[in-house]
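Have a look at the structure below before the remarks.
The values are calculated or read from the model by the stated rules, or taken from the named source; none is laboratory data. Model, not experiment: these values are computed from the prediction. Here Cβ is always computed from backbone atoms with ideal geometry, including for glycine, and neighbour counts include all displayed protein chains.
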Amino acid sequence: MRDLERLKANLVGLVVEDEPGLVRKKSRDFYWYSPILKRDLDHVTGDLVVSPTTEAEVCQAIAAAFDADVPVTPRGSGTGNYGQAMPLSGGMVLSLGGLNAITHIGPGTVTAGAGALLGKIDAATRAHSGQELRMFPSTHRTASIGGFIAGGSGGVGSIRWGGLRNIGNVTRLRVVTMEASPRVLVLEGDEIAKVAHAYGTNGIITACEMPLAPAYDWIDVMVGFESMERAAAFADRLGNEDGILLKELSVMAAPIAHEYFSAHGKFIRHDQAAVLIMVAPHSAAALDAFVRRHQGETVFRSDQISAEAQRTMPPLFELTWNHTTLVARRVDPTITYLQTLYPFPDHLAAVARMSALIGPEMSDHLEFIRFDGRVVCSGLPLIRFTTEERLDEIVRLFEANGCLVFNPHRYTLEEGGMKRSDLGQLAFKREVDPKGLLNPGKMIAWDDPDFDFKSERKYLFSAPAG
Ligand code: FAD
């Protein structure tokens, strides 16, 4: 039976906040991106926030929660956008921002506390030895490394390095178990998959060792095309061009760039589709030639504007990935989005087919990534929201046309992912969280093993009383 008073008594010496306004604030993430999650999760709040600064304090907080039967939801910076860090059962929000030390930088590797911000890690590795993280979400400035591993999937850098869950893209993790006497496990190799993208349901990551790549002064480039088809075909060819080193490659249908990019919009016409690129300086001339070969128009290059102008403009990557939806929503709050993967090798045909099928309700946004060694395109299309039924209908249309949908309007691992349980993560949860106290409601396989993913039923978690 949950006992909050007993919990508090065992948290002596730790930073604990229980002022309801503050706890509510730290119980939120970017769930409001989705009108469905906004409606379904708006009431969610924890009972208290605990902010450890060492692994020993994490163990103390976890042991206290286990003893008092109180659920624990880990939190990095709260930038996840599917309610991943929201405590559906209330209880303790474990805020890991204080575990932010960068403890080791070596050739090709960095080790940092789970709460360290990605931007801070990159600044340190650059200054130390001219290295940088292989990939980061477009929330580079604000997201934590632990939150990225537990809640993210990839992003800027994925055109070269693939996704976060590809073996080798996270090299070692320290993880605290949810038991009477919490253990600290060190995971490497295949074991990383047990906790990567598990939304903190099966262990608290306290430290992360990540592989590094050589750092470059990446140049932001925006190329305009007369149609989405030509822009997508150009990007597909560019992504496969072995000699040009890229960090980011995304495509947006007109008029996304012109209408929604506050600083960069003026460089591109209303009727031009935009390709957004981060290129290494030594590849810039080759890129230029490649653009000319494909009759594109380079409308913006960050190395050709004044240093003063550069300082006042956001980096181009803050207009890609989920940031595209964010900047679009600032202009038009009725916009929401989907996350899709178009089937290889006919991905460009699938993009055109879906665009024709759905029509003006949708504006295409593609992110080109390396996936199992191939350059493929994922989509984050902007959708004008009308009703939940219509949104579900659009999801079904994508699926009926062979596209995978990672539904960003669901808060569970399975519905936001491959719509099947990850048995490795479930087995690990049984081992390290026997009472099921970590982030309840996010892993359907744990809560409702008989749930039928083939039915069109949406999973709705109801927190147990007590
Ligand atoms: P949080 O939101 O705090 O947590 C994310 C999940 O991880 C939660 O389930 C939480 O419980 C769990 N968690 C956090 N810390 C730990 C820990 N130490 N141990 C165990 N579990 C933990 N995602 C991408 O993958 N790529 C993108 O390009 C991208 N772009 C984004 C752009 C915008 C504008 C926004 C709002 C979101 C974007 N996201 C993207 C989603 C999100 O930013 C990333 O997943 C980010 O890495 C989350 O980090 P965070 O520290 O904010 O984690």
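Here is a list of conditions, (1) among the polar types (S, T, N, Q); (2) within 12 Å of the ligand (Cβ to nearest atom); (3) surrounded by fewer than 24 Cβ atoms within 10 Å (Cβ to Cβ), and Q131 meets all of them except one; can you say which number that is?
Going through the list (1) among the polar types (S, T, N, Q); (2) within 12 Å of the ligand (Cβ to nearest atom); (3) surrounded by fewer than 24 Cβ atoms within 10 Å (Cβ to Cβ), Q131 breaks only (2).
Tell me, please, whether a residue that is of a type in the set (A, V, I, L, M) and over 30 Å from E308 (Cα atoms) can be found in the range 237-252.
Narrowing the range 237-252 to residues of a type in the set (A, V, I, L, M): 238, 244-246, 249, 251-252.
From what's left, over 30 Å from E308 (Cα atoms): 238.
The answer is yes; a qualifying residue exists.
Scan the range 161-202 residue by residue and report those that are assigned to a helix (DSSP H, G or I) and not small (G, A, S). Quick ask: steps written out before the conclusion?
Within the range 161-202, the first condition is being assigned to a helix (DSSP H, G or I), and the residues that meet it are 161, 189-194.
W161, D190, E191, I192, K194, listed by residue number.
Within the range 53-94, how many residues turn out to be among the hydroxyl-bearing types (S, T, Y), more than 7 Å from the ligand (Cβ to nearest atom) and surrounded by 24 or more Cβ atoms within 10 Å (Cβ to Cβ)? So that I can check it myself, show each step before the final result.
Pass one, the range 53-94, residues among the hydroxyl-bearing types (S, T, Y): 53-54, 73, 77, 79, 82, 89.
Of the ones still in play, those that are also more than 7 Å from the ligand (Cβ to nearest atom) are 53-54, 82, 89.
Checking the rest, the ones that are also surrounded by 24 or more Cβ atoms within 10 Å (Cβ to Cβ) come to 82.
Total meeting the criteria: 1.
Report the residue count in the range 136-149 for those that are over 11 Å from the mean Cα position of the chain (by Cα), within 9 Å of the ligand (Cβ to nearest atom) and closer than 14 Å to F317 by Cα.
1
With respect to A427, is the statement that it is assigned by TED's automatic domain parsing to the domain that holds D236 and on the phi < 0 side of the Ramachandran plot true?
Working: assigned by TED's automatic domain parsing to the domain that holds D236: no; on the phi < 0 side of the Ramachandran plot: yes.
Here the answer is no, as A427 does not meet what is asked.
Of the numbered conditions (1) farther than 21 Å from Y260 by Cα; (2) crowded, with 17+ Cβ neighbours inside 10 Å, F317 fails exactly one; give the number of that condition.
(1)
In the range 272-312, how many residues are without any contact (Cβ under 8 Å) to a residue 60 or more places away in the chain, buried (at least 17 other Cβ atoms within 10 Å of the Cβ) and aliphatic (A, V, I, L, M)?
5
Quick one: which residue in E209, E188, E229 is farther than 23 Å from G436 by Cα, more than 10 Å from the ligand (Cβ to nearest atom), touching a Leu at 6+ places or on another chain (Cβ under 9 Å) and without any contact (Cβ under 8 Å) to a residue 24 or more places away in the chain? Even if it seems obvious, please write down each step before you answer.
Working: E209 fails: without any contact (Cβ under 8 Å) to a residue 24 or more places away in the chain; E229 fails: without any contact (Cβ under 8 Å) to a residue 24 or more places away in the chain.
One residue alone meets the criteria, E188.
Among the residues of the range 135-150, how many are of a type in the set (V, I, T) and either outside any loop (DSSP other than H, G, I, E, B) or more than 14 Å from L118 (Cβ to Cβ) (or both)? Full working, then the answer.
So in the range 135-150, the residues of a type in the set (V, I, T) come out as 139, 142, 145, 149.
After this cut, where a residue has to be either outside any loop (DSSP other than H, G, I, E, B) or more than 14 Å from L118 (Cβ to Cβ) (or both) as well, the list is 145, 149.
The qualifying residues number 2.
Only one of E308, E361, E388 is touching a helix residue (DSSP H, G or I) at 6+ places or on another chain (Cβ under 6 Å), among the acidic types (D, E) and farther than 20 Å from V223 by Cβ. Can you tell me which? Quick ask: steps written out before the conclusion?
Values: E308 fails: touching a helix residue (DSSP H, G or I) at 6+ places or on another chain (Cβ under 6 Å); E361 fails: touching a helix residue (DSSP H, G or I) at 6+ places or on another chain (Cβ under 6 Å).
Criteria check complete, one pass: E388.
Looking at the range 151-160, which of its residues are outside any strand (DSSP E or B) and either away from the ligand (no atom under 13 Å from the Cβ) or more than 29 Å from A56 (Cβ to Cβ) (or both)? Break it down into steps so the answer makes sense when it comes.
The initial filter retains those residues of the range 151-160 that are outside any strand (DSSP E or B), namely 151-155, 157-160.
The answer is S153, G154, G155, G157, S158, I159, R160.
Look at G417 and say whether it is closer than 30 Å to L357 by Cα and over 20 Å from the mean Cα position of the chain (by Cα).
Numbers: closer than 30 Å to L357 by Cα: yes; over 20 Å from the mean Cα position of the chain (by Cα): no.
No.
Give just the number: which of (1) more than 16 Å from the ligand (Cβ to nearest atom); (2) on the phi > 0 side of the Ramachandran plot; (3) in contact with an Asp or Glu (Cβ under 7 Å, 6 or more places away or on another chain) does G373 not satisfy?
For G373, the exception is condition (3).
What is the one condition in (1) outside any strand (DSSP E or B); (2) more than 16 Å from the ligand (Cβ to nearest atom); (3) surrounded by fewer than 19 Cβ atoms within 10 Å (Cβ to Cβ); (4) not aliphatic (A, V, I, L, M) that H258 does not satisfy?
For H258, the exception is condition (3).
I'd like to verify a number: residues in the range 193-228 that are out of contact with any strand residue (DSSP E or B) (no Cβ under 7 Å at 6 or more places or on another chain) and either buried (at least 22 other Cβ atoms within 10 Å of the Cβ) or within 22 Å of Q131 (Cβ to Cβ) (or both), how many?
Here the count works out to 5.
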